[in-house]
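Read-outs: derived from the displayed coordinates by stated rules, not from any lab. Keep in mind it's a predicted model, so treat the numbers as computed, not measured. All Cβ positions, glycine included, derive from the backbone under ideal geometry; neighbour counts span all protein chains shown.
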Ligand code: SAH
């Protein structure tokens, strides 16, 4: 950067703390700031800043939040295009261009935060309905501009903010759900791989649909032909209903939310597989024990839980939960059964998931073959310098005696 964006106050880093940013990362932690030179308390949450190294050399522009452990995010490295409204517009354009190239139909994650150069912003597109999540004070300051830019770019009928994520609390932000445009219907309509699904819009999980698993569900057909399938943590049936359509003999979907299982039944109806899909409202751990007592067996089991390790300090307990869950699932597998084991916990490394699956198999005196290892879908690109953006692990295994 040649000349600093003069209108922004400087945020000075301590010696050696510019390295990660120079390597491409976007976060500045609060202990990396030279607070004698630029006291954090002097900033309003979300204020735009020019981030500079310990000698005053400008690294770029972004925003600050004195209340957050991630005290600042570097958004732009270019003096010509500093953080702000026109940069947001430009980055939205770039993000959309990728999706338009990849998808024949307008159902996808349109913006994936840091990976699309828009930290604190997620936008999911369901045709003419946009579901937006803002998770940082810096992005919250530009809420109106985000709405305007999306309107200009996509001409949506409805824009809803699902700003109810618990991570907003880390930024000192309130949690709310709000309609920014139009009248949101109760139910979202989603298309995935030629199938139609319904999902709850205002009361659903996250933005209403898990686009991150779409690529991984694409080739279900090769795994589920004539199979008895168990879909654990089914939500509205993304895996299970699709398995039935792709030829499964029978699918049992389990979710503890009655809303979710009602939608599984509805989605089975819509896709004309209701007679092969059963949905039960149960705690997954309880269900696994119950099915074991009933001596039920399955040829394919999908284990796709919510993040069981939410914070680093929950690591040991979380690993235990993954172990318990996967062992219980393995016990229900028929001969040569397929276990599709997923983890969306960013704190659980891929190798550790593989390791724990192997441990549980060994404990049961079974062997594992890893058949396929997958990531989040292509509309959730991974930022090469930010491991935090690489979170979803999906391991297809065969478990045999
Ligand atoms: N597999 C889904 C996404 C799962 S989201 C898909 O591909 O669309 C996690 C789901 O797990 C939510 O629907 C939530 O209601 C459910 N859930 C969370 N804890 C649970 C538990 N202990 N037992 C059963 N379901 C649970």
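How far is it, in nm, from the label point at residue 335 to the one at residue 189 when both lie 7 Å from their Cα along the line to the Cβ?
With each label placed 7 Å out from Cα toward Cβ, I get 4.7 nm.
For the stretch 193-400, take every pair of Cα atoms, bin their distances at 10 Å starting from 0, and report each bin as a whole percent.
Bins of 10 Å from zero give 9, 36, 39, 15, 1 percent of pairs.
Could you work out the relative contact order of the chain? I mean the mean sequence separation of Cα pairs under 8 Å and 6+ apart, divided by the number of residues, in percent.
Relative CO of the chain lands at 11 percent.
Where does each of 33, 301 land when they are ranked from fewest to most other beta-carbon atoms within 10 angstrom?
Result, fewest neighbours first: 33, 301.
Could you tell me how many degrees, from 0 to 90 and to the nearest 10, lie between the Cα long axis of helix 85-102 and the main elongation axis, the longest principal axis, of the Cα atoms of the chain?
30 degrees
Residue 30 to residue 221: FRET efficiency via 1/(1 + (r/R0)^6), r the Cβ-Cβ distance, R0 41 Å, to the nearest 0.05?
The pair residue 30/residue 221 has a calculated efficiency of 0.25.
Taking only Cα atoms, what is the 0 to 90° angle, nearest 10, from helix 284-293's long axis to the longest principal axis of the chain?
10 degrees
What ranking do 211, 233, 400 get, fewest neighbouring Cβ atoms within 10 angstrom at the top?
400, 233, 211
Over the residues of the chain, compute the C-alpha Rg and express it relative to 2.2 N^0.38 Å.
Rounded to two decimals, the normalised Rg is 1.06.
Tell me, 294, 192 in order of fewest to most beta-carbon neighbours within 10 Å?
By the 10 Å Cβ count, ascending: 294, 192.
Can you give me the angle between helix 143-154 and the longest principal axis of the chain, using Cα atoms only, in degrees from 0 to 90, rounded to the nearest 10?
60 degrees
Along Cα→Cβ, 7 Å out, is where each label goes; now give me the distance between the ones at residue 93 and residue 165 in nm to one decimal.
Reported label-point gap for residue 93 and residue 165 is 2.6 nm.
Starting from the 7 Å offset along Cα-to-Cβ, what nm value, one decimal, do you get for the label separation of residue 101 and residue 364?
Label at residue 101, label at residue 364, 4.3 nm between them.
Extension gain residue 323-residue 9, at 0.36 nm per residue separation less the Cα-Cα distance, in nm?
Contour length minus the Cα-Cα distance gives 108.2 nm.
Report the residue, chosen from 149, 260, 329, that carries the largest GNM mean-square fluctuation when the chain is represented by alpha-carbon nodes joined by springs under 10 Å.
Per the Cα network of the chain with a 10 Å cutoff, 149 tops the list.
Please give the calculated 222 nm ellipticity per residue for the chain, where each DSSP H segment of at least 4 residues contributes -39500 (n - 2.57) and the sum is spread over every residue; nearest 500 deg cm²/dmol?
When only DSSP H runs of four or more count, the value is -7500 deg cm²/dmol.
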